[in-house]
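Chemist: This is the structure, below, for whatever I ask next.
The values are calculated or read from the model by the stated rules, or taken from the named source; none is laboratory data. For clarity, every value in this text was computed on a predicted model and none was experimentally measured. Here the Cβ positions follow ideal geometry from the backbone for every residue, glycine too, while neighbour counts run over all protein chains shown.
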Amino acid sequence: MGPLYVKDGSVVDRNGERVVLKGINLVCKDKSTNYVANVGESLFERFANYGYNVIRLGLFWGCVEPRPGVYDDSYLAKIREQAEWAGKHGLYVFLDMHQDLYGFEFSGGAPDWATITDGLTHTEGLVWSDAYLESPAVNRAFDNFWDNKTAADGIGIQDRYTAMWRYVVRFFSRCENVFGYDLMNEPYPGSSGRLVFEAIVATYAKLNGLTSEEVAAGWVDPSKRVKIIERLADIQLYDTLMREAAPFSQPFERDVLTPFYEKVGGEVRKENPTGLLLLETSYFCNMGIESALGQVLNGDGIIYSPHGYDLVVDTDLYDLYSQPRVDYIFGTHKKVQKRLGLPALVGEWGGFPNSLDTEKHANALINIFERNGWGQVYWCWHEGMLYGANMIVR
């Protein structure tokens with residue numbers, strides 16, 4: 001299939017022809033299968049028949065490196081086999097180092113040996129992702145990762161993560177269809193994330209004649225959360241909240257995340273000088289806060305890869321889905337893409353339930369992507385999905 005390149009703000013093939021990547025995520029979170037999707041080559045043939053040309057293929061750090069400096073080649077070989085099946089059917093692949101709530105101690109991602117919580121407790125919320133805001137243990141684990149705290153072996157855990165990525169790139173080097181590397185799924189800032197949430201709460205409270213305590217309590221009350229989400233259909237209000245929260249979100253991206261990408265990306269390039277790097281924004285930008293991500297490696301071979309979801313994702317509140325809110329999120333991503341001057345590939349979108357509205361919502365989003373000339377990969381494949389090729393590729 002040959003490599004892909006970035007040229008003049010677009011992804012191109014070896015002939016200089018523009019390539020628009022459209023496909024789906026394949027990320028297995030099933031512990032019973034050791035986080036490897038129980039699928040065969042026929043699935044990738046189906047993907048090709050749907051009209052897809054790319055797969056975002058998920059890995060987990062804890063599976064790659066179960067002990068410090070010890071890599072599980074058996075796990076990697078199973079994921080590589082899937083990448084090879086994709087290549088046999090004309091599908092490009094980029095590798096996603098996936099995390100949810102930092103690590104396997106809480107959900108998925110980092111190994112336990114690299115999850116340093118300093119003994120703090122873990123707290124869950126109404127939705128799994130609420131733990132980003134509510135769990136002291138999750139936040140401390142992220143803080144220690146960004147600070148490169150040493151594990152029991154005396155080596156910094158971020159340094160271990162960087163070395164792990166080099167090993168992965170080397171392991172997949174024979175797969176010509178693997179063109180790029182998504183360095184971290186939805187990076188979360190750690191304890192400073194609480195400041196972002198508090199800014200949103202305080203602004204919402206001020207504009208609605210409430211106290212911050214009332215709003216915060218309402219967010220964790222199922223019936224009151226519905227009322228808040230309904231109110232956030234007001235795009236003028238929503239825009240005000242995002243703008244007020246931005247000064248508390250952006251320092252992490254400027255001062256921590258951009259240098260992290262520079263560090264890890266530089267090491268990846270030592271293994272594959274032409275591999276493309278897909279850079280995600282901070283977790284909070286998924287909801288429409290403007291990213292402050294800076295230029296990495298002079299923009300050479302870089303793809304901007306934001307995610308975007310409505311507030312109702314992962315809930316049973318899809319009757320409150322707001323297309324104007326989603327338009328706002330991706331409009332903000334467009335501003336950032338223009339500032340960075342990079343091609344864009346939306347790494348996650350959708351997450352829709354199997355309902356009659358799913359195709360309507362998906363088509364509205366595809367219209368945005370096509371209008372902007374963006375690539376995109378839907379979240380996430382599972383057996384029994386309602387849609388066919390027209391849900392992703394038209």
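Quick grid of which residues meet (1) within 20 Å of the chain's Cα centre (by Cα); (2) within 19 Å of E348 (Cα to Cα):
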position	(1), (2)
G62	yes, no
L76	no, no
E84	no, no
V93	yes, yes
S107	yes, yes
W113	no, no
V127	yes, yes
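Chemist: Now for a different question. So which residues in the stretch 84-115 are under 18 Å from G180 (Cβ atoms), surrounded by 20 or more Cβ atoms within 10 Å (Cβ to Cβ) and either touching a Lys or Arg at 6+ places or on another chain (Cβ under 9 Å) or modelled with pLDDT under 95 (or both)?
Modeler: V93, F94, L95, D96, H98
Chemist: Of the residues N298, N354, only one is free of Cβ contacts under 8 Å to residues at least 60 places away in the same chain and part of a loop (DSSP other than H, G, I, E, B); which?
Modeler: On inspection, the qualifying residue turns out to be N354.
Chemist: For the stretch 1-55, which residues satisfy the criterion of being among the β-branched types (V, I, T) and either farther than 19 Å from R80 by Cβ or more than 21 Å from the chain's Cα centre (by Cα) (or both)?
Modeler: Result: V6, V11, V12, V19, V20, T33, V39.
Chemist: Shifting gears a bit: Which ones in the stretch 122-136 are in contact with a helix residue (DSSP H, G or I) (Cβ under 8 Å, 6 or more places away or on another chain) and small (G, A, S)?
Modeler: G125, A131
Chemist: Do we find that E105 is touching a residue at least 12 places away in the same chain (Cβ under 8 Å) and either small (G, A, S) or within 30 Å of N148 (Cβ to Cβ) (or both) in this structure?
Modeler: When the stated conditions are applied, E105 passes them.
Chemist: Only one of L342, L365 is in a loop (DSSP other than H, G, I, E, B), touching a helix residue (DSSP H, G or I) at 6+ places or on another chain (Cβ under 9 Å) and in contact (Cβ under 8 Å) with a residue 24 or more places away in the chain. Can you tell me which?
Modeler: Selected residue: L342, the only one of L342, L365 that is in a loop (DSSP other than H, G, I, E, B), touching a helix residue (DSSP H, G or I) at 6+ places or on another chain (Cβ under 9 Å) and in contact (Cβ under 8 Å) with a residue 24 or more places away in the chain.
Chemist: Among the residues of the stretch 52-81, what is the count of those that are in a loop (DSSP other than H, G, I, E, B) and under 25 Å from G154 (Cβ atoms)?
Modeler: Residues meeting the conditions: 6.
Chemist: Another question about this same structure. If we only count helices (runs of 4 or more DSSP H) wholly inside the stretch 139-252, which ones have 1 or more residues that are within 19 Å of the chain's Cα centre (by Cα) and crowded, with 16+ Cβ neighbours inside 10 Å?
Modeler: Because the criterion is at least 1 residues that are within 19 Å of the chain's Cα centre (by Cα) and crowded, with 16+ Cβ neighbours inside 10 Å, the helices (runs of 4 or more DSSP H) in the stretch 139-252 that meet it are 157-171, 193-207, 235-252.
Chemist: Mind counting the residues in the stretch 57-102 that are more than 30 Å from A151 (Cα to Cα) and either hydrophobic (A, V, I, L, M, F, W, C) or in contact (Cβ under 8 Å) with a residue 40 or more places away in the chain (or both)?
Modeler: Number of matching residues: 12.
Chemist: Pull up the stretch 25-51, narrow it to residues that are of a type in the set (S, T, N, Q) and not in a loop (DSSP other than H, G, I, E, B), then point me to the one that is surrounded by the fewest Cβ atoms within 10 Å (Cβ to Cβ).
Modeler: Looking at the filtered set, the residue picked out is S32.
Chemist: So, in the stretch 305-330, of the ones that are part of a helix (DSSP H, G or I), more than 11 Å from H361 (Cβ to Cβ) and in contact (Cβ under 8 Å) with a residue 12 or more places away in the chain, which residue ends up farthest from the chain's Cα centre (by Cα)?
Modeler: Filtering first and then ranking leaves L320.
Chemist: Now a separate question. Can you pull out every residue in the stretch 51-78 that is out of contact with any Asp or Glu (no Cβ under 6 Å at 6 or more places or on another chain) and closer than 22 Å to S305 by Cα?
Modeler: Selection gives G51, Y52, N53, V54, I55, L57, L59, F60, W61.
Chemist: Which members of the stretch 82-96 meet the condition of being touching an Asp or Glu at 6+ places or on another chain (Cβ under 6 Å) and either in a helix (DSSP H, G or I) or at positive phi (or both)?
Modeler: If the condition is that a residue be touching an Asp or Glu at 6+ places or on another chain (Cβ under 6 Å) and either in a helix (DSSP H, G or I) or at positive phi (or both), then W85 is the only one that fits.
Chemist: Still on this structure: Pairs only if they're at least six apart or on different chains, beta carbon under 9 angstrom, first in the stretch 133-161 and closer than 21 Å to V70 by Cβ and in contact (Cβ under 8 Å) with a residue 24 or more places away in the chain, second in a helix (DSSP H, G or I) and among the acidic types (D, E); list them, first residue then second.
Modeler: K149/D143
Chemist: Filter the stretch 368-394 for residues that are modelled with pLDDT under 85 and assigned to a helix (DSSP H, G or I) and give the result.
Modeler: A389, N390, M391
Chemist: Considering the stretch 114-132 alone, what residues qualify as being part of a helix (DSSP H, G or I) and touching a residue at least 40 places away in the same chain (Cβ under 8 Å)?
Modeler: A114, W128, S129, D130, Y132
Chemist: Another question, if that's okay. Could you tell me how many of the residues in the stretch 253-282 are touching a residue at least 60 places away in the same chain (Cβ under 8 Å), hydroxyl-bearing (S, T, Y) and in a helix (DSSP H, G or I)?
Modeler: Looking only at that region, the number is 1.
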